[in-house]
Amino acid sequence: QVQLVESGGGLVQAGGSLTLSCVSSRSTGNFTKIGWYRQAPGKDQRELVASISKEGITPYYTWSIKGRFTISNTENTVYLQMNALKPEDTGDYYCWACDNRSTYWGQGTHVTVSL
């Protein structure tokens with residue numbers, strides 16, 4: 001059973017920084033893709049924010065966070081460094097991974113960006 005455990009969320013002022021961490025019970029290199037989704041307040045759908053693929057192709061970033069967020073990983077942890085945070089970055093951030101059998105989700109960590 002794969003477990004993904006996020007940490008690092010919190011309250012930060014606009015322009016500030018946070019680093020989210022996701023510890024995986026499996027080596028991150030064993031997933032086809034691993035990354036971060038977020039769900040904004042009041043929205044039903046989660047948005048893929050950033051991801052890394054096993055092939056090592058350039059990481060994916062959604063347009064709204066390009067140049068501000070950086071995804072990286074080590075053997076068992078994936079990080080999301082978030083800089084120049086904006087109020088619209090507020091939401092629940094979920095670690096996500098997939099392989100050829102299933103998709104895996106963490107429990108989420110909340111980020112609030114205040115003015």
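Annotations for the structure displayed:
- Scanning the stretch 100-111 for residues being surrounded by 15 or more Cβ atoms within 10 Å (Cβ to Cβ) and among the polar types (S, T, N, Q) gives a total of 1.
- Verdict on K33 being basic (K, R), open to solvent by 30 Å² or more (accessible area, probe 1.4 Å) and more than 24 Å from L115 (Cα to Cα): yes
- The stretch 20-44, residues that are among the polar types (S, T, N, Q) and either in contact with a Pro (Cβ under 7 Å, 6 or more places away or on another chain) or more than 22 Å from C98 (Cα to Cα) (or both): none
- Cβ-Cβ under 6 Å pairs, at least 6 apart or on other chains, the stretch 38-65 side of a type in the set (F, W, Y), far side assigned to a loop (DSSP other than H, G, I, E, B): none
- Matching residues, the stretch 55-99, being loosely packed, with under 15 Cβ neighbours inside 10 Å, closer than 19 Å to Q13 by Cα and of a type in the set (G, A, S): S64, G67, A84
- Meets criteria (under 14 Å from C22 (Cβ atoms) and without any contact (Cβ under 8 Å) to a residue 24 or more places away in the chain) for S72: yes
- Residue count for the stretch 11-25 under the criterion of being touching a residue at least 60 places away in the same chain (Cβ under 8 Å) and surrounded by 13 or more Cβ atoms within 10 Å (Cβ to Cβ): the result is 8.
The values are calculated or read from the model by the stated rules, or taken from the named source; none is laboratory data. These numbers come from a predicted model, not from an experiment. As a convention, Cβ positions derive from the backbone with ideal geometry for all residues, glycine included, and neighbour counts pool all protein chains shown. Ligands, DNA and RNA are excluded from the accessible area calculation, which covers all protein heavy atoms including side chains. Shrake-Rupley method; radii C 1.70, N 1.55, O 1.52, S 1.80 Å.
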